[in-house]
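Only the coordinates and a few stated rules stand behind these numbers; no lab work does. On a predicted model such as this, the values are computed, not experimentally measured, just so you know. All Cβ positions, glycine included, derive from the backbone under ideal geometry; neighbour counts span all protein chains shown.
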Amino acid sequence: MERTWSLKDSQDLYLVSAWGKGYVGVNTAGHLVVRPDKSPGDEIDLLEVVDALREKRLFAPLLLRFSNLLTHRLREMHEAFAAAIAENEYRGRYLAVYPIKVNQQRSVVEEVYRYGADYRFGLEVGSKPELLAVMALADDAEPRLVVCNGFKDDDYIKTVTLAAKVGHSIVPVVEKPEELALILKYARVHGVRPRIGVRVKLASPGAGRWRESAGAKSKFGLFVSEVLELFSELRRCGMEDCLELLHCHAGSQLHDIRRIKDAVGELAHIYAELVSQGAENLHYLDVGGGLGVDYDGSQTNYPSSMNYTLEEYASEVVYRITSVCDEKGVPHPTIVTEAGRAIAAHQSVLIVNVLGRSGLDGFAVEEDLDAIASSAEEVAQPVLDLVEAARGLTERRVVECYHDTIQAYEQVLNLFSLGYLSLEWRGFAERVFWSTCARIRDVARGLPTKVEELTELNSILADTYFCNFSVFQSLPDSWAIDQLFPVVPIHRLDEKPSRQAVLADMTCDSDGKIDRFVGLRDISRTLPVHDLVEGEDYYLAIFLVGAYQETLGDLHNLFGDTNVVHLRLLEGNGWTLDEIVPGDTAAEVLSYLQYDVGQLVEQVAKSCRRAVDSGSITDIEAQEFTAYYRGELDGYTYLEPEEQ
Ligand SMILES: Cc1ncc(COP(=O)(O)O)c(C=O)c1O
């Protein structure tokens, strides 16, 4: 007898503990929960949230952001470095700056800034508009560090200089040799002593998808010889004290700790040499971003994972810097990190509803195959071969039967293309083919040893679950760089999933799908899901989407921003909705593309008047249609449930 399915089975099947890192769990109702500060008692039931939002007529797709989770990530960063500093008897401090490009949404940046206050965490910008946003935000009496990366023109440097003049603790990082002249020019014009950072091109290669961010061919940074020239130039101007920060960035999602060790070690040596040569005010060592996220939970040296923990990262960074500084007898600098992904990824979860499914294993063969095989009626040979293969399926002959089935079906299709087979026989052959494939898959599943070529039937025959979202808007990295994101049903986890599916989005684009999932041993081509029940909603949650996805997303097919909801745990018990940001309406996305919405309505009203004049609709119908059109412009861009 098959044992009953347990909540733990679901938890293991979807590897929730592996990638969830304590932030995600399953409750006794079989629902997924988020534990924003990892404490098992303080959890938010995702189905409860979806139901509560539905009451407010806020429908999926929904992006849920968990404020306490962001706080928790910042605290973990601080604590990991505090422990490493104590362990290595490090005499400098640690500061994180949040690179806002990871998620520039106002509420996210504000929350990071607010929650990072206790640790004096600052911000990093990579462009002029990012700087303009941050300047208005970072207005503490005791200013916090703002690091300015990216290509800089006159206006960028002028803005940095003015920000410094009004009291911001702001350091522009020279990414190209010409930027130094601009910094010196605006410092002179506005009468400020500039604070200068410099990004160095490391020889240690980067790693992973963003390996080009480091190394001699990297887009940014100065060669070591150029750094030396920059320092000589400052010295010539009597401004060597202006060099305060040394920076590198070895790439994003560094999945192998060796890359971090190499990069930080090299950077520390450059720092120590510069200090020894007289850069005595060089006191920030900025190791850039790159701290990984274990998207697949495998804790391996695989691009969607990482073979180290946050604690190991902090320990390595602090240890490398300590040992180089001690060896060279230079002061321990303030260590700055620009980790973005690792801070922001966990805080957001995308919830999508499944609208329906299609599959290839539902074909039934009503006809009696024995009768067809022995029929007096003339049946084309490939059709008979297909029927024979179906009738002859046994465990022992399963592989042979699979080959025969494929060969016969190919011949059926050829015969049809040549005009020798009727549409009816082609339809019959289609049903026999797919139903035989499904039976072969089932027989193969029961075999004591796996047959490689038959296991591919699992993905070929997988269902397609149509989900209400756009990959291009909400998961651009899934489409663009095959980034894995964990996907799990938010309910029915006390029930064994009976089907395997790939997920298709709502865009009219065959790339709009997810067909790579987090799997136990490897990437899985299908996701275990529950059968859909008529009249019941089925929701999936897609995790770790808080970094890079929101602003990289685009308007393919004019699917706009989803509804966004900020949730916060309440002291004691329960949760509250902190902020609701309704998703784009159709009118909003059309206006982004320069449509004049008023004119559109006017145009439609005009067509209606013409139709009234020609007698095809009545006056009332014309009014109703125009009002309906206006209402649709104010509606969500995604599919919505019908009004009750
Ligand atoms: C200069 C710089 N700093 C920080 C980051 C953030 O990197 P991550 O999100 O991987 O931590 C990036 C991103 O590539 C970057 O280019």
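Which value, in debye to the nearest 20, gives the size of the charge dipole of the chain about its Cα centre, when Lys and Arg are +1 and Asp and Glu are -1 at the Cβ?
2460
Work out the FRET efficiency for Ser614 and Glu366 from their Cβ-Cβ distance, taking R0 = 60 Å, and round it to the nearest 0.05.
0.75
About its Cα centre, how strong a charge dipole does segment 522-609 have in debye, to the nearest 20, once Lys and Arg get +1 and Asp and Glu get -1 at the Cβ?
Details: 4 positive and 15 negative charges, 64 e Å.
The dipole of segment 522-609 has a size of about 300 debye.
If a paramagnetic tag sat 7 Å from the Cα of Leu593 along the Cα-Cβ line, which residues of segment 527-568 would have the backbone N under 11 Å from that point?
Counting only backbone N, you get 555-560.
Any chance you could check the Cα centroid distance between segment 270-291 and segment 295-330 for me, in angstrom?
Centre-to-centre (Cα) distance: 18 Å.
Taking the dipole about the Cα centre of the chain, with the C-beta of Lys and Arg at +1 and of Asp and Glu at -1, give me whichever of Leu570, Val387, Leu162 is farthest to the positive side.
Leu162
Using θ = phi - 60° and the Karplus relation 6.51 cos²θ - 1.76 cosθ + 1.60, list the HN-Hα couplings for segment 25-34 in order, rounded to whole Hz, with x at every Gly or Pro.
Computed from phi, the couplings for segment 25-34 are x, 10, 9, 5, 7, x, 9, 6, 10, 10 Hz.
For Leu384 and Asp140, FRET efficiency with R0 = 60 Å and r from the beta-carbon atoms, rounded to 0.05?
0.15
Fewest to most neighbouring Cβ within 10 Å: what's the order for Val589, Val192, Val518? If you can, show how the numbers build up before the last one.
Details: Val589 19, Val192 15, Val518 26.
Ordered by Cβ neighbours within 10 Å, fewest first: Val192, Val589, Val518.
Can you tell me the length gained on complete extension of the stretch Thr334 to Val224, counting 0.36 nm per residue apart and subtracting the Cα distance?
Values: separation 110, 0.36 × 110 = 39.60 nm, distance 2.13 nm.
Gain in length upon complete extension: 37.5 nm.
Could you calculate the FRET efficiency of Gln277 with Thr394 from 1/(1 + (r/R0)^6), where r is the beta carbon distance between them and R0 is 51 Å, rounded to 0.05? The partial results should precede the final answer.
On the way: r = 80 Å, r/R0 = 1.58.
That pair, Gln277 with Thr394, gives E of 0.05.
With a point put 7 Å past each Cα toward its Cβ, work out how far Ala117 is from Arg91 in nm, to one decimal.
Going by the 7 Å Cα→Cβ label model, 3.3 nm.
For the chain, what is the calculated [θ] at 222 nm in deg cm²/dmol (nearest 500), taking -39500 (n - 2.57) for each run of four or more DSSP H residues and dividing by its residue count?
Calculated at 222 nm, the ellipticity per residue is -12500 deg cm²/dmol.
Which net charge results for the neighbourhood of Arg609, defined as the other residues with beta-carbon distances under 15 angstrom from its beta-carbon, given Lys and Arg at +1 and Asp and Glu at -1?
Numbers: positive: Lys606, Arg610; negative: Glu602, Asp613, Asp619, Glu621, Glu624.
Residues near Arg609 contribute -3 overall.
Suppose each label sits 7 Å from its Cα in the direction of the beta carbon; what would the Ser39-His403 distance come out to in nanometres?
For Ser39 paired with His403, the spin-label model returns 6.4 nm.
For the charge dipole of the chain, defined by +1 on Lys and Arg C-beta atoms and -1 on Asp and Glu C-beta atoms about the Cα centroid, which residue among Asn103, Ala18, Phe466 has the Cα displaced farthest towards the positive pole?
The listed residue farthest towards the positive side: Asn103.
What is the gain in length, in nm to one decimal, between Ala83 and Leu558 on full extension, counting 0.36 nm per residue of separation less the C-alpha to C-alpha distance?
Working: separation 475, 0.36 × 475 = 171.00 nm, distance 4.80 nm.
So the chain would gain 166.2 nm between Ala83 and Leu558.
Find the centroid of the Cα atoms in segment 23-75 and in segment 527-574, then give the distance between the two in whole Å.
Between the Cα centre of segment 23-75 and that of segment 527-574, the gap is 11 Å.
Just the C-alpha atoms of segment 91-339: what Rg/Rh do they give, with Rh taken as the Kirkwood radius? The partial results should precede the final answer.
On the way: Rg = 17.3 Å, Rh = 18.2 Å.
Result: Rg/Rh = 0.95.
What nm value, rounded to one decimal, do you get for the distance between Asp509 and Leu423 when each label is placed 7 Å out toward the C-beta?
Distance between label points: 3.4 nm.
Among Ser204, Ser6, rank each residue by its count of other Cβ atoms within 10 Å, from fewest to most, as a rough exposure measure.
Arranged by neighbour count, lowest to highest, Ser204, Ser6 become Ser6, Ser204.
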